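The values are calculated or read from the model by the stated rules, or taken from the named source; none is laboratory data. All values derive from a computational prediction rather than experimental measurement. For neighbour counting, all protein chains shown are included, and Cβ atoms are generated from backbone atoms with ideal geometry for every residue, glycine included. These area figures cover heavy atoms from the full protein model, side chains too; ligands, DNA and RNA do not enter into them. Shrake-Rupley method; radii C 1.70, N 1.55, O 1.52, S 1.80 Å.
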Amino acid sequence: MIRFLLRRTVSTAAVLLVMSAVVYLVFYAAPHDPAVLVCGKGCDGTRLAVVRHKLGTDLPVWEQYGNFLRGLVAGRTFDSGNDVTRCAAPCLGYSFQTDQPVLQMITQRIPVDLSLTLGAMVIWLLLGVGTGLLSALRRGRLVERALTTLTLAGMATPVFLVGLLVLMLFCASLQWMPFPTYTAFTDDPAQWAANLVLPWFSLALVISAAYARMTRSSLLETLAEDHIRTNRAYGLSERRIVLGHALRGALVPVLTMLAIDVGQILGGAMLTESVFGFDGLGRLLVTSVNQIDLPVVVGATLFAGFFVVIANAAADLLYALADPRVSLA
Amino acid sequence: MSKALTAAQAPGTTPQGGAGPRADRNQVWRRLRADRSAIAALAVVALLVLTAAAAPLVAALEGQDPTTYHNALIDSATGGVPIGPFGGASAVHWLGVEPGTGRDVLARLVYGAQISLSVSLGATVVQIALGVLIGLAAGLGNRLADTVISRSMDLVIAFPSLVFAVALMAVVPSGFPRPLLLMLVIGVLGWGQTARIVRGQVLTLRGLDYVSAARLAGSRRWRVARREILPALAAPVITYGVLQLPLNVAQEAGLSFLGVGVRPPTPSWGQMLSSATNWFQADPAYVLLPAVLLFVTVLAFTVLGEGVRTALDPRAESRLRAGIERRRKKTDAQEVPA
């Protein structure tokens, strides 16, 4: 167990390092000179050189990447002689366009994605697993056909489409609720939940389709296993077999799928945030892309990648813990 | 029953499911034709493709184009709401005009279909080509190559491609043609699943007698890959490609919705939906038209993909019910862009 964790930590760190290098290189190769963007219009040669020196973009790319890595551990100082900007460790970069450390911009927005993910997760699990369970139990009947069709339609709907339609229906036409604006949980829990209901359901509706399919196929596989046949031979009712014996094993792949999805959405639900106008990590990335704020683009991309890599490791761990047939070695 | 049996014993059917190297094309087509929803989906897809291809014709028939502003048709007092019911629909502008600009909605929709279909198709081709090449390299290469490729495959599959696609849009020179860029970005970020499927197939095929025979007869490795293995990959790769199409349609629409897709004035559905967010109350028709079109397109491709999958491998479902299918790997489910 400890060996597994250790190995996984090392490989996770290696993957993160490789990813950061790739991301950094891709953005260094960008035709935009960050100094020009920071310096603004009417910036002459000497002033530009000063800014470039301050940002450190006058150095060769590997030194820049080295500085970036060092900044993560020790913090960075951007110094042009008379004008000093400090970025405390761990420094993920500094956005000179907004005059903030990138990490601070990211951490400010995490609560939005955390709220979005956790609430939606509960709904998509209930909805997805419930649907999958029902269609596995009623296989061959009309219910299953209807559910399969619905699931296909659900998989076919982009999340921003669902978001737009619920906004139009509930907020614009029926006017059952105001257009959502994000309220922090610590400010007002009731408002927080009320504002998140529509985003939660939109996101959950789309994601649950995949869970319904996975639950169904996984349950059908499990039901064909030997220990279930034994249960049948003992004369247990189908209900008891499914709920008491098969479901637990069948949910193992669902669990690993869950870990990965949560990791992905935590890193920014760009479409959902954009539809509902929530200022989360996804919107941060979109805005910084439009403003070509490269340090933020690099930081936000790496952060999203960080969640995914961690989630993958968690998925493997969960898989091994939940399924005794998989060894941790 | 007897029919099912013949299908089951089609020559060369590989144990893990893909229809065999030389699956009977007529048989596949017959099975697809018997699937009513797949045929309906095929009809919808054909209609969409025709409309997109004939976009200039459709616009000419209506007598409109997608970029001309019609300021007389919008109410400047309300900030540009089209005058008249259903988004200002009339005999001149069949589906109304765009709020704020007065541009013709029908013309924008059909030209938008061009972008949507060409980008998603191009992206799928890039994905499949890269996936097959990389999957072959992993399945036929040595252990080190396989490990390195498989690890990067895992990463590419797990990584939210939308995030990287959006980020990449920030660094590509603005002179680069956007539709081509979208194809490449969506394609290059999405080869992981195809590569994984191909690798798995190659590993199985490599152990089959006819492949070993070719090897023992002295064929070189890449000749075996080209002559013996590649043809056998057709069925799973086609299936996966058709299933990938709707995801790419959604991906393009998503990128355009986020404002990093094709540049105005080139119309696209995602862009229309994004601008429609400001006109919920005043002009619901403007939201609904691209929304319905996008939904129908993605649904038609999805249903068609399922049909093709069943037609190429009719026993998959019964195998699943009988419990012969291997437990699927956790990430086999497709990523849903959030």
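Below, the figures for the structure above:
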quantity	calculated
Matching residues in the range A:258-283 - criterion: being more than 9 Å from chain B (Cβ to nearest Cβ) and outside any helix (DSSP H, G or I)	A:Phe278, A:Asp279, A:Gly280
Of all residues making up the range B:273-301, the number that are open to solvent by 10 Å² or more (accessible area, probe 1.4 Å), among the polar types (S, T, N, Q) and within 11 Å of chain A (Cβ to nearest Cβ)	3
Positions within the range B:33-73 being in contact with a Lys or Arg (Cβ under 8 Å, 6 or more places away or on another chain) and either part of a helix (DSSP H, G or I) or touching a residue at least 40 places away in the same chain (Cβ under 8 Å) (or both), in sequence order	B:Ile39, B:Pro66, B:Thr67
Count - residues of the range B:234-290 that are charged (D, E, K, R) and either closer than 23 Å to B:Gly131 by Cα or within 17 Å of the chain's Cα centre (by Cα) (or both)	1
Residues located in the range B:304-338, provided they are under 18 Å from B:Val242 (Cβ atoms) and either open to solvent by 60 Å² or more (accessible area, probe 1.4 Å) or at pLDDT 90 or above (or both)	B:Leu304, B:Arg309, B:Thr310, B:Glu317
Segments classed as helices (runs of 4 or more DSSP H), wholly inside the range B:120-202, with at least 1 members that are open to solvent by 30 Å² or more (accessible area, probe 1.4 Å) and more than 10 Å from chain A (Cβ to nearest Cβ)	B:143-158, B:178-188
Residue count, the range A:78-109 (criterion: among the aliphatic types (A, V, I, L, M) and exposed (fewer than 14 other Cβ atoms within 10 Å of the Cβ))	3
Residue match in the range B:265-272 (condition: open to solvent by 10 Å² or more (accessible area, probe 1.4 Å), closer than 29 Å to B:Phe301 by Cβ and assigned to a helix (DSSP H, G or I))	yes
Any hit, the range A:72-84, residues being under 17 Å from A:Thr301 (Cβ atoms), touching a Ser or Thr at 6+ places or on another chain (Cβ under 7 Å) and assigned to a helix (DSSP H, G or I)	no
Selection count, the range A:112-171, where residues are outside any helix (DSSP H, G or I), buried (at least 16 other Cβ atoms within 10 Å of the Cβ) and without any contact (Cβ under 8 Å) to a residue 60 or more places away in the chain	1
Flag for B:Val97 being surrounded by 24 or more Cβ atoms within 10 Å (Cβ to Cβ) and within 14 Å of chain A (Cβ to nearest Cβ)	no
Residue list for the range B:215-239, restricted to those being assigned to a loop (DSSP other than H, G, I, E, B), small (Gly, Ala, Ser) and open to solvent by less than 70 Å² (accessible area, probe 1.4 Å)	B:Gly218, B:Ser219
Matching residues in the range A:66-77 - criterion: being buried (at least 17 other Cβ atoms within 10 Å of the Cβ) and either in contact (Cβ under 8 Å) with a residue 24 or more places away in the chain or under 20 Å from A:Ile292 (Cβ atoms) (or both)	A:Phe68
Residues located in the range A:277-308, provided they are polar (S, T, N, Q) and within 14 Å of the chain's Cα centre (by Cα)	A:Thr301
Residue among A:Val112, A:Val197 that alone is in contact with a Gly (Cβ under 7 Å, 6 or more places away or on another chain) and over 30 Å from B:Glu306 (Cα atoms)	A:Val112
Hey, A:Phe303 more than 9 Å from every other protein chain (Cβ to nearest Cβ), farther than 18 Å from A:Tyr28 by Cβ and either acidic (Asp, Glu) or open to solvent by 10 Å² or more (accessible area, probe 1.4 Å) (or both) or not	yes
Residue list for the range A:178-227, restricted to those being more than 15 Å from A:Ala269 (Cβ to Cβ), of a type in the set (A, V, I, L, M) and surrounded by 13 or more Cβ atoms within 10 Å (Cβ to Cβ)	A:Ala193, A:Ala194, A:Val197, A:Ala209, A:Ala210, A:Ala212, A:Met214, A:Leu219, A:Leu220, A:Leu223, A:Ala224
Flag for A:Pro199 being at pLDDT 90 or above and within 14 Å of chain B (Cβ to nearest Cβ)	yes
Candidates B:Gln251, B:Gln244, filtered to the one that is open to solvent by 10 Å² or more (accessible area, probe 1.4 Å), at the interface with chain A (Cβ under 9 Å from one of its Cβ atoms) and under 30 Å from B:Gly141 (Cβ atoms)	B:Gln251
All positions within the range A:318-329 that are more than 9 Å from chain B (Cβ to nearest Cβ), open to solvent by 40 Å² or more (accessible area, probe 1.4 Å) and outside any loop (DSSP other than H, G, I, E, B)	A:Leu318, A:Leu321
Condition check for A:Val286: modelled with pLDDT of 85 or more and over 27 Å from A:Thr131 (Cβ atoms)	yes
Subset of the range A:208-246 (residues that are away from every other protein chain (no Cβ under 13 Å) and acidic (Asp, Glu))	A:Glu238
